[in-house]
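Below is one structure, written out as structure tokens; comments come after it.
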Amino acid sequence: MRLIRFSRDNGPARLGLLIDDRAVALSDLIDTPPTSTRDAIAQWDTLGPRLAAANTAGKGTPLAEVSLLCPLDGCEKMMAIGLNYADHIEEARGEGLTIPTEQVWFSKQVNALAGPFDGIELPRVSDKLDYEVELVAIIGKGGRHITAADAPQHIFGYTVGNDVSVRDWQTKTPQWVLGKSFDTHGPIGPAIVTADEVGDPHGRAIRSFVNGELRQNSNTRHLVFNVWQQIEELSKVMTLKPGDVIFTGTPGGVGLAFRPPKFLKLGDVVRCEIDGLGAIENTVVAES
Ligand code: ZN
């Protein structure tokens, strides 16, 4: 199933499913549905089968008539791994970063969370705005000390993300968190595709485009530390909760790696896509 949030005619946000090319509100399928994504994820053991059994015939609104919103209406935490595709490590070495033997984790603060077609703000304080297409895992069943072998059972689903980065703020101190946490710099979507529908997430083509020009073009099989290893490592430290967001790393081809660098400018359109998960498209806008 493909979980979405959407609105029609600027009306209230509704939780729903993407079925073919229609947005179907959960309230049109079952009685007393949850209204927040995190509640839906927490209740999924019972909710999923109810939704799967619902009659969807003739229901929903054509996708062209709705606005898709961020599929998550908030989360407790958003973690991201750096330097996790071999080709991206190689290009980052040119910037003085070395090959990690440990997983390099940083926090993307939750204020950065944004919708699949929302604007990405060009910071007032920087012109070094960059893109990073990433496979994003959404935690389902929480837990601590989850082994890599058990990790698949703890993932609710997957989506496409852009780990938008402000390069000068990322590297001006040893900690990356500020450069990764500007408002609007974590768009995800368009839907959260449930883990049962995705199966093994390692082996999906992953790409980004800026104004139609292909910039990143790889496959999730090239992850240095795979999604299961990432969950094992993170959960050694913190209790993972339903709805937690994990950005799993970006392949080569970010703007910083070009000579000269190709940073994002006002009006640029960044498209990030992963086969089977869909695409998000975000335009660079001025800070509001
Ligand atoms: Zn990243």
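The values are calculated or read from the model by the stated rules, or taken from the named source; none is laboratory data. For clarity, every value in this text was computed on a predicted model and none was experimentally measured. Note that each Cβ is placed from the backbone with ideal geometry, even for glycine, and that neighbours are counted across all protein chains shown. Keep in mind that these areas ignore ligands, DNA and RNA; they rest on the heavy atoms of the full protein, side chains included. Shrake-Rupley method; radii C 1.70, N 1.55, O 1.52, S 1.80 Å.
Would you compute, from DSSP H runs of 4+ residues alone, the mean residue ellipticity of the chain at 222 nm, taking -39500 (n - 2.57) per run and dividing by the full residue count, rounded to the nearest 500?
Only helices count here, giving -4000 deg cm²/dmol.
I'd like the FRET efficiency for Trp105 and Thr46, computed as 1/(1 + (r/R0)^6) with the beta carbon distance as r and R0 of 22 Å, rounded to 0.05.
0.10
So, in nm, how far is label Ala54 from label Asp275 when the simple model puts each one 7 Å beyond its Cα toward the Cβ?
Label-label distance for Ala54 and Asp275, simple model: 3.1 nm.
Quick one: Cα centre-to-centre distance for the range 186-243 and the range 1-78, in angstrom?
A separation of 21 Å, based on Cα centres.
Residue by residue through the range 238-250, what is 3J(HN,Hα) from phi via Karplus (6.51 cos²θ - 1.76 cosθ + 1.60, θ = phi - 60°)? Round to whole Hz and write x for glycine and proline.
10, 6, 7, 10, x, x, 4, 10, 10, 7, 9, x, 10
Using a cut-off of 9 Å between beta-carbons, work out the net charge of the residues near Gly161 (Lys and Arg +1, Asp and Glu -1, Gly161 not included).
On the way: positive: none; negative: Glu132, Glu134, Asp163.
Its environment carries a net charge of -3.
Multiply the residue separation of Arg124 and Arg221 by 0.36 nm, subtract the distance between their alpha-carbon atoms, and state the gained length in nm to one decimal.
Once the chain is fully extended between Arg124 and Arg221, it gains 31.2 nm.
Under a cut-off of 27 Å between alpha-carbon atoms, report the lysines in cross-link reach of Lys236, not counting same-chain residues fewer than 8 places apart.
Lys77, Lys108, Lys141, Lys180
Please check: in the Gaussian network model of the chain (C-alpha springs, under 10 Å), which one of Leu47, Leu129, Leu69 has the largest mean-square fluctuation.
Checking each option, the largest mean-square fluctuation is seen for Leu47.
Assuming R0 = 22 Å, what is the FRET efficiency of Ser7 and Ser36, from their Cβ-Cβ distance, to the nearest 0.05?
The calculated FRET efficiency here is 0.90.
Skipping prolines and chain starts, which residues have an amide H placed within reach, meaning under 5 Å, of the one on Gly252, given they are 5 or more residues away or on another chain?
Asp87, His88
With the other protein chains left in place, how much accessible area per residue, in square angstrom, belongs to the chain at a 1.4 angstrom probe?
Per-residue value: 42 Å².
Keeping all protein chains in the complex and leaving out DNA, RNA and ligands, what accessible area do you get for Glu90 with a 1.4 Å probe, in Å² to the nearest 10?
Counting only protein heavy atoms, the figure is 110 Å².
Working out 0.36 nm times the residue gap between Asp21 and Lys172, then minus their Cα-Cα distance, what length gain in nm do you get to one decimal?
Working: separation 151, 0.36 × 151 = 54.36 nm, distance 4.45 nm.
Between Asp21 and Lys172, full extension yields 49.9 nm more.
Rounded to whole Hz and in sequence order, give me ³J(HN,Hα) for the range 117-132 from the Karplus expression 6.51 cos²θ - 1.76 cosθ + 1.60, θ = phi - 60°, writing x for Gly and Pro.
The phi angles translate into 10, 6, x, 9, 7, 7, x, 5, 9, 7, 10, 10, 7, 9, 10, 8 Hz.
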